[in-house]
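J.: Below is the structure I would like to discuss, written out as structure tokens.
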Amino acid sequence: MADAANLEKVYDPRSVEPEVYRRWEESGAFASRPTGERDEKTFCIVIPPPNVTGALHLGHALNNTLQDILIRWHRMRGFNTLWQPGTDHAGIATQAVVERRIREREGKSRHELGATPQEAREELVRRIWAWKDEYEKRILSQLKLMGCSCDWDRNRFTLDEGLARAVRHIFFKLFKDGLIFRGKRLVNWDTQLQTAVADDEVYHETVKGHFWHFRYPVINPKPGEPDHVVIATTRPETMLADVAVAVNGDPEKWLDWWEGVQKDALATATAKERAEIQHRIDLIEARRQTHLPALNILAAMARDGRKVMLPLVNREIPLICDDWADPTLGSGCVKITPAHDANDYEVGVRHRLPMINVLTPDGKVAPIVEPDGSTNPASATYAGLEFSTEGRAKVVADLEALGLVERIEDRDTDIGHSDRSKTPIEPYLSDQWFVKTADVESGITLEGGAQAKGLAQAAIDEVESGRIQVFPSRYAKSYLDWLGEKRDWCISRQLWWGHRIHVWQFTLGISQRPGHQGNTRRNIDSHIERNQPQNPEGWPWSECVNQTFGDSTTGKHTWFHCPPPDREDIVQSLQDSNDQQDPDVLDTWFSSALWPFSTLGWPDETPHLKQYYPTSVLCTERGIITNWVARMVMFGLYAMGKKPFDHVYIHPKILDWRGETMSKSKGNGVDPVDIIHTHGADALRYTLADMTTQTQDIRMPVDYVCPHCGQLIEQGAALKIEEQHRKSRGEKLDRKLQPADVTRVTCTHKECGKAFATQWADAELKAELGIGRETSEKFEIGRNFCNKLWNAARFAFLNLEGVTCRCLTLDDLLPEDRWILAQLSATIRRAHTCIANYQFSALVKELREFFWDCLCDWYIELTKPRFVVQASLPATCHDTGPGPSSAAADTASAQTARQVLAFSLDQILRLFHPVIPFITERLWNQLNDVAPQRGLPGLADLAMSDLLITAELPPVGGYDALDDPHILEVFADLQDVVRAVRDLRAQCKVSPKDKVTAVVVLPEDRLAAFESHKHVVLRMANVASLSVTSNAKRPPNAGSVRVGRTHVYVLDISDDDAERQRTIKALDSLAGQIAGKEKKLGNEKFVANADPQVVEAERERLDELVRQRAALQEHLAELGD
């Protein structure tokens, strides 16, 4: 027997994985090797760069496992591969984390870190770089522990010099083409971090609040007109900036339209829905009586140019007609505050209303500056108050004192919060830099000369034309819908960490008010003349791209210079001329949008850029389809003239036990290293891939592992205990606790009861108590499979002694040999199809079923007697020469079985390697020792490799010489019968060890093939006697089952009376299930609104139930009365 002493009896990932990864790295297996020209066998993935805000969680583990499967698969197919690694500076997120740490440890804000603003900025940036170095090292370590096979020598960071240069190049190009501009717009504002934030950095929570109804007096009301209008708001403090009150221009027409919509809905509504819809119709009719007359009057007043007086600030503001005012809601009147509400901003733009800002960047009430530039006298009363707390309270109190508060309602309000600082978001009007993504009148020119209507439309065209394919295809809608809005992209952030905006500026205090027109051009020329160097060739502005921006509210005029990239001499001249660099930094997504080509060396034409761009596939999750995927397509087309990738694969999200997305900022992520510690990297990867379907997110139950006793404590239970402790201390909980809020847990097992620290504790507490790692029962699936693979391989190695690699023909193969090889060939084809369609769960299922079911449960069991026979032969019988002795036949049969087993094990290790690379590499090494030459010469030749990572995958088309549809059909019948006998044994409580007698009834055309292979049934079902016929009736007291057109009878194991009752009971149960499915599918609303895949699954289940009923009815007829 083969010496398996160097293969441990039990698989220990911790002893295998480090050594295997070291061998991979030393071999250079991960390295890219560009030839300088892209061909059809080039495959490249750029990693979605993890933020350096903190360590990775299971969501990152899923993402990178899937990428590694893809890159390993294509590397083993002989593709020229590159998996480009790197990390993202994550501007606002990382700065927020570091600022929070400084505030908690030192009690300082960022502005207090230096004696001057510049020194404070430099100190904060220095500290963030230190943070980045620490967490980037940890992130890369996590990725390597997971088995990621990136080209680590090419690791990039979005703030490294090469990528910073790429940012400067594309910024200049956009600026020069007029696609970057300065504008005063409404943005999401984080008052703690004092910066604009993107929509994806805002989360919403419902909080208890109020709805205040205020009265605004009408100026000089005429007879029959109201003396006031009533508006309602959840943010009273913003009324200081109101510039209009809107009413609907035709409230009666609006009510008619809305009533028609409701009546149409009523006509097709279910009985359950009708009451609610009818209630809405009744409310519309009631409003015709209670509100419509007054609204008609107000609409007429608005058309007549009438005004109301804004209380507290005594500002005359107009009544206007706009469809934003919904006559079915509230009073039908809406206050318009363009500088503090997104919808009001649009109204303000439509009506060219002034925009008054009453918010300071740090969240206080600002001085109230009127449209004419004067300061409102009320500023002294409100300026400096905290905007949404003190300011709100003061406004409400003052309005109550004036008798202008009509009523106050309690109301749950949806409030946007900054994902980074957790503070409420304020809509804020500010000067920002934007990228124009909408259509440009004259069109834009992409790199290479192609024309497009605009950046957004160019990106839309790539997906609509199919040049970029999205998997699953339903996610293309999110991409297209978002781009279809063609909104300008705010790219400036008021932060210190990030790519500093490459623009220098000077501002002239020129009044723009009537009568004070100032000569702008003369002042600019004077500035240039004063600062122009003596050498005209050194004049910096001549080679810059320049823009001007006038601010009508301040009367200032600013001149912006964007110097060409790579011209440090011009930058130095600008600084020498006392021009100031813009203090803002670029949105993180700006540099990330360049990732597919900046990481490959752009703007230089490098060998890597020539070989690997466009990349092959982007693997990411749906949360960043808009902010990242869409922008990469826009910038790829603009800068390169080519799409950045061929495919976009959107994988599921990892959810915690509550169903919330795992997130660094939320603090509910599980460190994948914990799972690697408890289960191994392959168990992690296998489980994640197995759960990656194309329809569902992955919910992950989480437990702590007590470091003292090894017992598990539910994370949910620990959170409840933490919540109770906090409440008992009188702490007010204004939000749901997350795992990050729990730093200390006490083991709940009586035998232990000791405390331990969680991953969120500080280093001191971890050292004192020990760390309780996080785990999940889900990963038992992966560990169990790896153990099965290990044990099956050990069995194979013990039986592969003396295996040869001789030429074979199909005649040399027994039926089970031909069957397993045909199954293998079919599995290979299906596996390649799964990868091509990003069906990872299906891939794992295909490989698992072949290995576990076909190879282990069937082939190895069927061939054990062949191994045993040879092992029992005397040594002199092992080489019998050409004679026809039975010993020689047995030896040849055993050798064939060994050769087929070695070949099958070789192939399954190759196929499984991209999913579970560590264990397969270790077993491959052992297989190379036991059977250094493998294959089926004459049928399927194999190329050998020292390392599995560089071995060839089985061919995409499988092995034609091994395909045998007939043997697959025959074995399908044999397996059905074996399973039927086993099921009947179990139903009738007959031990698997007891021999039974069986009868199989088959169609005539299948008799001969089944008869010649019935030894499979005799062995696998432990049958003593098997009769095969085309015509037989059920014997009395025989267990019976029908499988398709096959009847199986196992004699003398059943009681007909008891079986009759069991069958009747089963039919009753089926009748209820079928009725339920038919009712569900008869519901038109369900069929119309449910996911088509869900509906189809329900129909298939109904068909299966009907088939089961027919079989049971036939069985009952067999039993007789």
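J.: Along the positive direction of the dipole of the chain (beta-carbon charges: Lys, Arg +1; Asp, Glu -1; about the Cα centre), which of Q505, L255, L968 reaches farthest?
T.: Towards the positive end, the residue furthest out is L255.
J.: For a test of the definition: using alpha carbon positions, the gyration tensor, and the 1.5 limit on a/c, classify the range 299-345 as rounded, prolate or oblate.
T.: oblate
J.: If you don't mind, there's one more thing I want to ask. Can you give me the three principal axis dimensions of the range 995-1119 from its C-alpha atoms, in Å, biggest first?
T.: Here the spans come out as 55, 34, 24 Å, largest first.
J.: Using amide H atoms built 1.01 Å from N in the peptide plane, name the residues 5+ places from V202, or on other chains, whose amide H lies under 5 Å from its own.
T.: Hits under the 5 Å cutoff: D419.
J.: Sticking with this one: So if I place +1 on the C-beta of Lys and Arg and -1 on the C-beta of Asp and Glu, and nothing else carries charge, what would the dipole magnitude of the range 891-1034 be about its Cα centre? I want it in debye, nearest 20.
T.: Dipole magnitude for the range 891-1034 comes out near 1040 debye.
J.: Divide by every residue of the chain the summed helix terms, -39500 (n - 2.57) for each DSSP H run of at least 4, and state the resulting mean residue ellipticity at 222 nm, rounded to the nearest 500 deg cm²/dmol.
T.: So the calculated ellipticity at 222 nm is -13500 deg cm²/dmol.
J.: Principal axis extents for the range 780-963, Cα atoms only, whole Å, descending order, please.
T.: Over the range 780-963, Cα extents along the principal axes are 53, 33, 29 Å.
J.: So which lysines pass the test for K732, namely a Cα distance under 17 Å, with those fewer than 8 places away in the same chain ruled out?
T.: Here the lysines satisfying the reach criterion relative to K732 are K208, K422, K720.
J.: Over all distinct Cα pairs, what is the inverse of the mean 1/r for the range 747-825, reported as the Kirkwood hydrodynamic radius in Å?
T.: 18.3
J.: Right, another one. Could you sort the peptides 788-798, 202-212 by per-residue average Cβ neighbour count (10 Å cutoff), highest mean leading?
T.: Sorting 788-798, 202-212 by mean packing, highest first, produces 788-798, 202-212.
J.: Here is a further query. I need the per residue convex hull volume for the range 34-87, using only the alpha carbons, in cubic angstrom as a whole number.
T.: Per residue, the Cα convex hull of the range 34-87 comes to 75 Å³.
J.: From the residues L66, A1038, N296, which one has its Cα farthest along the dipole of the chain in the positive direction, the dipole being from +1 and -1 charges on Cβ of Lys/Arg and Asp/Glu about the Cα centre?
T.: It is A1038, whose Cα lies furthest towards the positive end.
J.: Can I ask one more? Seen from all sides and averaged, what is the projected area of the convex hull of the Cα atoms in the chain, in nm²?
T.: Projected over every direction and averaged, the Cα hull of the chain covers 57.9 nm².
J.: Please determine, in degrees from 0 to 90 and to the nearest 10, the orientation of helix 292-303 with respect to the longest principal axis defined by the Cα atoms of the chain, where the helix direction is its Cα long axis.
T.: Helix 292-303 sits at roughly 60 degrees to that axis.
J.: Which pairs, out of K137/K766; K41/K610; K995/K1065; K486/K642; K222/K307; K173/K642, put more than 22 Å between their alpha-carbon atoms?
T.: K995/K1065
J.: Could you give the length gained by full extension between R979 and D1091, i.e. 0.36 nm per residue of separation minus their alpha carbon distance, to one decimal place?
T.: 36.9 nm
J.: Charges at C-beta only: +1 for Lys and Arg, -1 for Asp and Glu. How large is the resulting dipole of the chain about its Cα centre, in Debye rounded to 20?
T.: Its charge dipole is roughly 940 debye.
J.: Averaged over all directions, how much area does the convex hull of the C-alpha atoms of the range 1-134 cover when projected, in nm²?
T.: Projected area, direction-averaged: 14.2 nm².
J.: I would also like to ask the following. Work the Kirkwood hydrodynamic radius out for the range 127-211: mean of 1/r over every pair of different alpha-carbon atoms, inverted, in Å.
T.: Taking the inverse mean of 1/r over all distinct Cα pairs, the range 127-211 comes out at 17.7 Å.
J.: Output wanted: per-residue J couplings in Hz (rounded whole) for the range 251-259, from phi through Karplus 6.51 cos²θ - 1.76 cosθ + 1.60, θ = phi - 60°, x for Gly and Pro.
T.: x, 5, 4, 5, 5, 4, 4, 5, 5
J.: Can you work out the FRET efficiency for the pair A755 and E849, with r the C-beta to C-beta distance and R0 = 30 Å, to the nearest 0.05?
T.: After rounding to 0.05, the efficiency reads 0.10.
J.: Put +1 on the Cβ of each Lys and Arg and -1 on the Cβ of each Asp and Glu in the chain; which of A831, L684, F560 then has its Cα farthest toward the positive end of the dipole?
T.: Most positive-ward Cα: L684.
J.: Now for a different question. Taking H placed 1.01 Å from N in the peptide plane, check which residues at least 5 places from G114 or on another chain put their amide H under 5 Å from its amide H.
T.: Correct list: A120.
J.: Pop the C-beta distance of R735 and H1015 into the FRET formula with R0 = 51 Å and round what comes out to the nearest 0.05.
T.: The formula returns an efficiency of 0.15 here.
J.: Taking the alpha-carbon distance from K1080 and a cut-off under 16 Å, which lysines remain once sequence neighbours fewer than 8 residues away in the same chain are dropped?
T.: Within the straight-line cut-off, K1080 pairs with K272.
J.: May I pose another question? Rounded to a whole number of µm²/s, how large is the Stokes-Einstein D of the range 591-726 at 37 °C and 0.692 mPa s, given Rh as the Kirkwood radius over C-alpha pairs?
T.: 181
J.: What lysines sit close enough to K394 to cross-link, taking a C-alpha to C-alpha distance under 17 Å and skipping anything fewer than 8 places away on the same chain?
T.: Of all the lysines, those that pass the test against K394 - Cα under 17 Å, at least 8 places apart if same chain - are K364.
J.: Still on this structure, I have one more. Ordered by residue, what ³J(HN,Hα) values in Hz, to whole numbers, does the range 380-397 give under the Karplus form 6.51 cos²θ - 1.76 cosθ + 1.60, where θ = phi - 60° and Gly and Pro are x?
T.: Per residue, the Karplus-derived 3J(HN,Hα) values read 4, 7, 10, 4, x, 6, 4, 4, 8, 10, 5, x, 4, 4, 5, 4, 5, 4 Hz.
J.: Same structure again: Around L942, which amide H atoms from residues at least 5 apart in sequence, or from another chain, sit under 5 Å from its own amide H, with H modelled in the peptide plane?
T.: Residues meeting the criterion, in which the H sits 1.01 Å from N, are L936.
J.: Now for a different question. Take every Cα pair under 8 Å in the range 263-422 that's 6+ residues apart, average their separations, divide by the length, and report that relative contact order as a whole percent.
T.: 11
J.: Counting pairs of alpha carbon atoms under 8 Å apart in space and at least six apart in sequence, what relative contact order in percent does the chain give?
T.: In percent, rounded to a whole number, it is 12.
J.: I've got another one for you. Could you work out how far apart the two model spin labels at L968 and R1045 are, taking each label as a point 7 Å from the Cα in the direction of the beta carbon, and quote it in nm?
T.: 1.9
J.: Taking just the alpha carbons, could you work out the radius of gyration and Dmax for the range 287-409, both in angstroms?
T.: Cα-based Rg and Dmax for the range 287-409 come out at 15.8, 47 Å.
J.: If you line up the Cα atoms of the range 1029-1080 on their principal axes, what length do they span on each, largest first, in Å?
T.: 42, 25, 12
J.: Something else now. Could I get the Rg over Rh figure for the range 212-422? Both from C-alpha atoms, Rh via Kirkwood, rounded to two places.
T.: With Rg and the Kirkwood Rh in hand, the quotient comes to 1.01.
J.: Convex hull over the Cα atoms of the range 952-992, averaged projected area in nm²?
T.: That works out to 4.8 nm², a quarter of the Cα hull's surface.
J.: Report, for the chain, the % of DSSP beta bridges that are antiparallel, rounded to 5.
T.: Around 75 percent antiparallel, to the nearest 5.
J.: Any idea what the relative contact order of the range 780-963 is, in percent, if you count C-alpha pairs under 8 Å spaced at least 6 apart?
T.: Averaging sequence separation for qualifying contacts and normalising by length gives 35 percent for the range 780-963.
J.: Each residue of the range 842-859 in turn: what ³J(HN,Hα) in whole Hz from Karplus with 6.51, -1.76, 1.60 and θ = phi - 60°, glycine and Pro shown as x?
T.: Working through the residues one at a time gives 5, 4, 4, 4, 4, 5, 4, 5, 5, 5, 6, 7, 6, 6, 6, 6, 10, 5 Hz.
J.: While we're here: In debye, nearest 20: dipole of the range 608-759 around its Cα centre with unit charges on the Cβ of K, R (+) and D, E (-)?
T.: Using Cβ point charges on Lys, Arg, Asp and Glu, the range 608-759 gives about 540 debye.
None of the figures in this text is laboratory data; all of them are computed from the coordinates on show. Nothing here was measured: the structure is a model prediction, and the numbers come from that model. Here Cβ is always computed from backbone atoms with ideal geometry, including for glycine, and neighbour counts include all displayed protein chains.
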